[in-house]
Amino acid sequence: MSNFVASVGMEVHAELNTQSKMFCRCPVSFGGEPNTRVCPICMGLPGTLPVPNRKAIELVLKTALALNCTIAMHSIFHRKNYFYPDLPKGYQVSQYGDTNPLGYDGYLEIPGPDGETKRVKIRRVHLEEDTGKLMHLPSGGSGVDYNRAGVPLMEIVTEFPPDITTPDEAKDYLTQLRQTLLYLGVCDGKMEEGSLRCEPNISVRIEGTDKYGTKTELKNLNSFRSVQMGVQFEVRRQIAVIEGGGTVAQETRGWNEQKEASYLMRIKEAENDYRYFPDPDLVPMCFDDEYIESLRATLPELPLAKLRRYENDLGLSTYDAGVIAADLNRVEFFEAAMELGGDPKAVCNWLTGDFAKLLNDQGLMPRESKITAAHIVELTKLIADNTISGKTAKDVFAKAFKDGRMPSEIVKESGATQISDDSVIRNLILDVLNANPEAVTKYKSGQMNVKGFLVGQVMRSSGGRANPEMVQKIVSEELEK
Ligand SMILES: [Zn+2]
């Protein structure tokens with residue numbers, strides 16, 4: 001049996017975060033009554049003239065810069081012609097050509113499992129408009145909702161031959177790309193609402209051969225999990241076809257979430273001829289260096305750079321750094337805590353532990369809660385200077401989460417401070433040793449494990465407030481006397 005290698009190309013569509021559509025002033029939002037956000041321009045009625053949305057162009061350029069692309073300083077729109085009811089004009093405005101898309105020849109780096117970084121080459125980042133949506137009517141038949149028609153859409157396509165070779169890498173690429181788009185604020189990244197859509201194309205070939213296998217394209221993937229499972233399914237299906245003596249057909253396949261299987265949607269007989277030509281109604285886009293550099297200057301620190309900085313400068317593990325960097329809400333909180341002088345690891349533990357759990361239970365975002373970065377920093381300091389034990393801290397945090405009081409105030413009121421006074425602890429210990437002479441005798445005769453019992457007695461007599469490390473140390477000292 002031969003070994004197979006897979007190749008996965010990724011085509012991602014992202015609806016841009018703009019107020020209005022690409023060429024008209026119809027508002028952009030999700031849902032709503034069908035055909036309530038349409039006008040003569042996005043319906044392509046005769047006599048109308050489109051005017052490009054400047055903000056959409058800016059968002060694509062920012063993405064292209066963040067993805068290390070070359071920017072097309074002179075770029076035009078094309079008409080992609082095909083007939084389908086979801087396309088009111090009979091063509092889609094898009095961008096054709098190798099060096100015409102707003103961005104081309106870039107790359108995205110994704111963090112690997114062992115702290116290394118993998119580079120995925122990107123062929124193009126271009127701007128187009130979304131289509132309408134066909135819907136089945138309850139009364140029978142089909143209708144078209146054009147609310148989405150003309151919404152600014154960005155397409156990001158990886159280079160061929162593909163750098164991605166496993167289902168995990170496909171998922172990691174999409175994860176990193178989505179985080180990047182969210183950091184840039186160019187797309188809301190909601191896969192379940194279709195504002196971020198991913199269509200991987202997959203092929204397999206026998207290891208060591210140069211000739212790439214026939215590709216199938218996969219649609220209807222609306223979560224990271226379905227992307228990973230869909231790619232995995234396709235790889236296995238294609239290998240089974242080849243090992244069974246068959247050939248893989250060039251197909252578009254859909255993903256059935258319930259059955260966790262792909263199904264045939266249509267066979268691609270030949271490449272479609274879209275008769276691309278420059279849109280005569282739209283003027284070319286021309287940029288100068290000054291403008292492009294001013295956009296570059298607005299780019300935020302990107303997710304992977306942030307992850308590596310948390311690792312290298314703040315000493316977080318790759319895992320912890322990744323958990324924080326993956327969520328902008330957490331990033332905001334974490335960085336505010338760092339500015340207040342918080343300890344990175346301790347703050348991270350609270351953010352991803354008790355705080356995350358309480359937020360999750362109540363369905364809240366961090367900033368909707370009564371907890372601020374100052375609460376967490378203060379709490380971690382109370383633990384670090386032994387004012388309270390870790391166990392007490394959990395209770396204090398739960399109280400602070402409820403009423404928003406500062407941890408120091410709660411501790412003061414409840415008298416739950418930790419006892420770290422050497423002489424106080426030593427007196428507690430001497431009392432316990434005097435009350436348990438048999439245990440002391442056993443210890444001295446070599447049964448060292450009774451120490452645990454004695455430490456437990458001391459902790460109990462202090463109401464759990466004695467500093468556990470000091471108790472351990474002083475019990476040993478007293479027993480060795
Ligand atoms: Zn419109």
Q) Taking helices (runs of 4 or more DSSP H) that fall entirely within the stretch 292-393, which contain at least 1 residues that are aromatic (Phe, Trp, Tyr) and within 18 Å of the chain's Cα centre (by Cα)? A) 303-312, 318-325, 328-339
(Q) Of the residues ASN201, ASN220, only one is modelled with pLDDT of 95 or more and in the same structural domain as GLU257 (by TED's automatic domain parsing); which? (A) ASN201
Q.
So TYR443 passes all but one of these: (1) surrounded by 20 or more Cβ atoms within 10 Å (Cβ to Cβ); (2) more than 30 Å from GLY353 (Cα to Cα); (3) at pLDDT below 85. Which condition number does it fail?
A. (3)
Q: For the stretch 186-244, enumerate the residues that are over 26 Å from LEU328 (Cα atoms) and of a type in the set (A, V, I, L, M).
A: ILE202, VAL204, ILE206, LEU218, MET229, VAL231, VAL235, ILE239, ALA240, VAL241, ILE242
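Please find, among ALA240, ALA170, ALA249, ALA149, the residue that is free of Cβ contacts under 8 Å to residues at least 12 places away in the same chain and of a type in the set (A, V, I, L, M, F, W, C).
Numbers: ALA170 fails: free of Cβ contacts under 8 Å to residues at least 12 places away in the same chain; ALA249 fails: free of Cβ contacts under 8 Å to residues at least 12 places away in the same chain; ALA149 fails: free of Cβ contacts under 8 Å to residues at least 12 places away in the same chain.
The unique qualifying residue is ALA240.
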Q. What's the number of the condition TYR146 fails, among (1) of a type in the set (Ser, Thr, Tyr); (2) modelled with pLDDT of 95 or more; (3) away from the ligand (no atom under 16 Å from the Cβ); (4) more than 16 Å from the chain's Cα centre (by Cα)?
A. (3)
Q) Does the stretch 222-253 hold any residues that are of a type outside the set (Ser, Thr, Tyr), under 24 Å from the mean Cα position of the chain (by Cα) and surrounded by fewer than 19 Cβ atoms within 10 Å (Cβ to Cβ), and which are they? A) ASN222, PHE224, ARG225, GLN232
Q.
Consider the stretch 7-47. How many of its residues are more than 9 Å from the ligand (Cβ to nearest atom), without any contact (Cβ under 8 Å) to a residue 40 or more places away in the chain and over 23 Å from CYS187 (Cα atoms)?
A. 3
Q. Hey, does the stretch 59-81 have a residue that's within 30 Å of the chain's Cα centre (by Cα) and either within 16 Å of the ligand (Cβ to nearest atom) or among the charged types (D, E, K, R) (or both)?
A. yes
Q: Spot the failing condition for VAL93; the list is (1) of a type in the set (A, V, I, L, M); (2) closer than 30 Å to GLU293 by Cα; (3) in contact with a Ser or Thr (Cβ under 9 Å, 6 or more places away or on another chain); (4) within 16 Å of the ligand (Cβ to nearest atom), and only one is missed.
A: (3)
Q: Evaluate the stretch 444-455: report whether one residue or more is out of contact with any Asp or Glu (no Cβ under 7 Å at 6 or more places or on another chain), more than 24 Å from ALA393 (Cβ to Cβ), β-branched (Val, Ile, Thr) and touching a residue at least 24 places away in the same chain (Cβ under 8 Å).
A: no
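Across the stretch 312-334, which residue is farthest from LEU184 (Cα to Cα) among those that are touching a residue at least 60 places away in the same chain (Cβ under 8 Å) and crowded, with 18+ Cβ neighbours inside 10 Å? Steps first, answer last, please.
First pass over the stretch 312-334, keeping only residues touching a residue at least 60 places away in the same chain (Cβ under 8 Å): 318, 322, 325-326, 328.
When the remaining residues are screened for being crowded, with 18+ Cβ neighbours inside 10 Å, the result is 322, 325.
Values: GLY322: 18, ALA325: 14 Å.
Result: GLY322.
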Q. Taking the stretch 149-167 as the search range and keeping residues that are touching a Lys or Arg at 6+ places or on another chain (Cβ under 8 Å) and part of a strand (DSSP E or B), which one is farthest from the ligand (Cβ to nearest atom)?
A. THR158
Q: Answer yes or no as to whether LEU181 is in contact with a Gly (Cβ under 7 Å, 6 or more places away or on another chain), in a helix (DSSP H, G or I) and surrounded by 19 or more Cβ atoms within 10 Å (Cβ to Cβ).
A: yes
Q: Sort out which residues of the stretch 8-50 are over 23 Å from the mean Cα position of the chain (by Cα) and assigned to a strand (DSSP E or B), and write them in order of number.
A: SER20, PRO27
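The values are calculated or read from the model by the stated rules, or taken from the named source; none is laboratory data. Quick caveat: nothing in here was measured; it's all calculated off a predicted structure. We place every Cβ from the backbone using ideal geometry, glycine too, and count neighbours over all the protein chains shown.
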